[in-house]
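The values are calculated or read from the model by the stated rules, or taken from the named source; none is laboratory data. Here the structure is a predicted model, which is why all the values come from computation and not from measurement. Quick reminder, even Gly has a Cβ in these numbers, built from the backbone with ideal geometry, and neighbours come from all protein chains shown. What goes into the accessible areas is simple: the full protein's heavy atoms, side chains included, and nothing from ligands, DNA or RNA. Shrake-Rupley method; radii C 1.70, N 1.55, O 1.52, S 1.80 Å.
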Amino acid sequence: MAVLQEHGRTALAVSVAQRTLHLAWGRGNPAWDSAPAPEPTNATKLVDEIGRREVNDVSFVKPDPAGAIEMPNGDRYTVSADPTTWLLLRATFGFTDAEGEDVREFGVFIDSVIDPAVPPGQRWALAAQVLDGGWLYTLERRPANYRPGTKREMEEVVLAF
């Protein structure tokens, strides 16, 4: 049986880094407020998407116990000048992105197609403005996070290949 090599995994990361990437928020299901439902492995979209924001920073990273980039599970990373098998994606959501909504879902999408009527430079698109959702790469269900419209939020996620 063939074994996927690190060099090949790095090639996959390089390929994804060059694609259109969006981080999406969804309402999910209010029944999850007591405990988010487990994420399926065959989802192609969020349960109830609010909208998505184009990723504004894609960087290769490498694990580093002393790294400045810390994930919720405690893993730490450092930015790498060379391609690696890990990609850091960052998007800074605007004050009014999903304003007044409870966010319970988070997803990373590859190759989304946004309605060309969305003004140039607008990096947030409502679910109704997404013509083709693209490929759902990761899905996370979370406790509800209310978006008051008075703060910006940055989402960052590390994708492993």
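What the table below lists for this structure:
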read-out: Breaking point among (1) under 15 Å from ALA17 (Cα atoms); (2) free of Cβ contacts under 8 Å to residues at least 40 places away in the same chain, for GLY67; value: (1)
read-out: Residue among PRO116, PRO148 that alone is out of contact with any His (no Cβ under 7 Å at 6 or more places or on another chain), over 23 Å from ALA17 (Cα atoms) and loosely packed, with under 12 Cβ neighbours inside 10 Å; value: PRO148
read-out: Filter pass, VAL103 being closer than 29 Å to ASN29 by Cα and assigned to a loop (DSSP other than H, G, I, E, B); value: no
read-out: Residue, surrounded by the fewest Cβ atoms within 10 Å (Cβ to Cβ), within the stretch 67-92, restricted to residues that are charged (D, E, K, R) and either outside any strand (DSSP E or B) or at pLDDT below 95 (or both); value: ASP82
read-out: Tabulated pairs, the stretch 125-144, first open to solvent by less than 80 Å² (accessible area, probe 1.4 Å), second of a type in the set (A, V, I, L, M) and modelled with pLDDT under 95, C-beta under 9 angstrom, 6+ apart or interchain; value: ARG141/ALA37
read-out: Subset of the stretch 1-40 that is under 28 Å from ASP97 (Cα atoms) and without any contact (Cβ under 8 Å) to a residue 12 or more places away in the chain - its residue that is nearest to the chain's Cα centre (by Cα); value: GLN18
read-out: Residue ID - farthest from GLY74 (Cα to Cα), chosen from residues in the stretch 114-161 that are charged (D, E, K, R) and in contact with a helix residue (DSSP H, G or I) (Cβ under 8 Å, 6 or more places away or on another chain); value: ASP115
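Residues checked against (1) surrounded by fewer than 17 Cβ atoms within 10 Å (Cβ to Cβ); (2) under 30 Å from VAL118 (Cα atoms):
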| position | (1), (2) |
| --- | --- |
| GLY26 | no, yes |
| PRO30 | yes, yes |
| ALA35 | yes, no |
| ASN42 | yes, yes |
| LEU46 | no, yes |
| GLU49 | no, yes |
| ARG53 | no, yes |
| PHE60 | no, yes |
| PRO65 | yes, no |
